[in-house]
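**Q** Quick one: the structure is below, and I'll ask about it shortly.
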Amino acid sequence: MAYHQHPLDVTTLPTWKALESHRASLQNFSMREAFSMDAQRFDRLSLSSCGLFLDYSKNLITLETRDLLVSLAKECGLEQAIRAQFDGEPINASEARPALHTALRRPIGDKVLVNGVDVMPEVQRVLHQMTELVGRVHDGLWRGYSEKPITDVVNIGIGGSFLGPQLVSEALLPFAQRGVRCHYLANIDGSSFHELAAKLRAETTLFIVSSKSFSTLETLKNAQAARRWYLAQGGSEGELYRHFIAVSSNTQAAVDFGIHVENVFPMWDWVGGRYSLWSAIGLPIAMSIGMSNFKELLSGAYSMDQHFLNAPFESNMPVLLALLGIWYGNFWGAQSQAILPYDHYLRNITKHLQQLDMESNGKRVRQDGQAVACTTGPVIWGGVGCNGQHAYHQLLHQGTQLIPADFIVPVVSYNPVADHHQWLYANCLSQSQALMLGKTREEAERELRTQGLSEAEVQRLAPHKVIPGNRPSNTLVLERISPRRLGALVAMYEHKVFAQSAIWGINAFDQWGVELGKELGKSVYSRLLGSEESPAEDASTQGLIEFFRGRHRG
Ligand code: F6P
């Protein structure tokens, strides 16, 4: 029986039970003490791979915890699950598909079979097709209707057809080439279209309609708006092919929209939307940084794939991160996970990881349809440091919830300004340190007394100054963002999410939960227009429909 068909309830496994008792034994575990008792803790609980350095020593764990978690992963068949993923087994069981984004970054000469057919020649063909297009745009050979070269590329897409490409192209801005500016149009909100269009000239703009399904409402509406705008600006139907291309697995729908068939870049059903930036969905990335940098991105991801496949779990970054997430979510009651990049260029990584993790692991039944007996994916949130320190970090330090955090920080800045980078790096480290050390009642009182306060004031203020500490975090350090390191970083999180799904026994690659809202949206829309007379299923929705209609009647 393939691993994903195995009806496994992870909570019944002996190691799960052992982890429960181990957790109870760590009730009074103190990271401060663990560091003072073991001078080697940092060395033992940190590792380097693929240009990334991971320090996971500031966690509520001992070496025994790590060993137990690793045993859990093995007992759940994680090794087989990883193999099954890379070998193209249909691990997305509810859609009967493999999840083969890893094939997109494999080198020439590798073979990957899907239903007995090697998909690698097609992957390479599309890379050539991308190289050709990007070269023509960069060399000024792809011209708009007035024979001027393209200066602006607009990616029209949402979800995975937006967040990954946006993260990477903006993170790699120091590698941007030849003055082609990239823009992203995702939301159906007319204001986002309006604001963007005001910056563009139709004659020098190329739109990429990026939609795996070519049926996503927001994307189609924006593509139609862009087309009307292009025509209103002086473009003609006959020259539309110079300004609109598509990336989709639904070639016919793209052709019906008016895009020339040779300008439709294929996608495959074995690549999930949130895992697709490595495919032609990454075209805006390649438009920005060029194909050789795009290939570097792929090879960075490939190096992480090899690490995930081959490194023992004790020193396997994605597996360790996955296990730490399970440790906190399932054994310490953590409900969310903060992602805190201390790097302007990585500011969008939280949004990408939000989709990656929450759309993948926001599941309540296992692959076999049975309810999962434990908590699954956490809420992913966060944002760029230092900004968060002056906003939500208060809750991390003194709130009532345990929120594990991943800090991500480069050692070198692309844009050194005086001593800003030293301060940025210092702030990152001091946050994880403060989370761990906290401030005891004794320390708080001592501090207040040194300020010369009366004993009554000391006692009144001390409880507010106490910071519990002992709050866990990982720190990922890299020299600075490069295509290769970014590829490894993003792939690392993809594998982390997959490893967790395999341990919980859920399917990380479907997303049925988003469908109901789309269906209901259609009937709400008909009621707003008055083309559907019957009231909504509930009074609240009906009341809100009437509110809208009341405003739009007059
Ligand atoms: O509605 C969710 C979703 O299907 C995501 O999974 C996907 O990334 C996004 O919409 C966009 O889908 P498409 O690329 O098919 O337009």
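**Q** Counting DSSP beta bridges in the chain, what percent are antiparallel, to the nearest 5? Kindly include the intermediate steps, with their values, before the conclusion.
**A** Values: 14 of 45 bridges.
Close to 30 percent.
**Q** Using the 2.2 N^0.38 Å rule of thumb for compact globular proteins, work out how region 377-477 stacks up: its C-alpha Rg over that value, please.
**A** Ratio of Cα Rg to 2.2 N^0.38 Å: 1.28.
**Q** Over 20 Å intervals from 0, what percent of Cα-Cα pairs in the chain sits in each interval?
**A** 19, 49, 28, 4, 0
**Q** How big is region 178-245 in terms of Cα radius of gyration and Dmax, in angstroms?
**A** Answer for region 178-245, Rg first and Dmax second: 11.7, 33 Å.
**Q** Calculated from DSSP H runs of 4 or more alone, at -39500 (n - 2.57) each and per residue, what is the 222 nm mean residue ellipticity of the chain, nearest 500?
**A** -14500 deg cm²/dmol
**Q** Highest mean first, how do 165-173, 112-120 rank when packing is the count of other Cβ atoms within 10 Å averaged over residues?
**A** Ranking the peptides 165-173, 112-120 by packing returns 165-173, 112-120.
**Q** May I pose another question? Which entries of 74/111; 212/518; 363/522; 221/351 have Cα-Cα distances beyond 18 Å here?
**A** Numbers: 74/111 27 Å; 212/518 16 Å; 363/522 25 Å; 221/351 23 Å.
Check vs 18 Å cut-off fails for 74/111; 363/522; 221/351.
**Q** Please give the peptides 416-428, 287-299 ranked by average Cβ packing (other Cβ atoms within 10 Å per residue), highest first, as a rough proxy for protection.
**A** Numbers: 416-428: 13.2, 287-299: 21.9.
Highest mean packing first, the order is 287-299, 416-428.
**Q** For every other residue with a beta carbon closer than 13 angstrom to the beta carbon of residue 192, add +1 if it is Lys or Arg and -1 if Asp or Glu, then tell me the sum.
**A** Counting the neighbours of residue 192, the net charge comes to -1.
**Q** Contour minus end-to-end for residue 454 and residue 347, with contour as 0.36 nm per residue of separation and end-to-end as the Cα-Cα distance? All intermediate terms of the calculation are to be shown ahead of the outcome.
**A** On the way: separation 107, 0.36 × 107 = 38.52 nm, distance 4.50 nm.
Between residue 454 and residue 347, full extension yields 34.0 nm more.
**Q** With everything on Cα atoms, drop me the angle between helix 217-232 and the longest principal axis of the chain, reported from 0 to 90° to the nearest 10.
**A** The answer is roughly 40 degrees.
Throughout, read-outs are computed from the coordinates displayed, never taken from laboratory work. Please read all numbers here as calculations on a predicted model, not as lab measurements. Here Cβ is always computed from backbone atoms with ideal geometry, including for glycine, and neighbour counts include all displayed protein chains.
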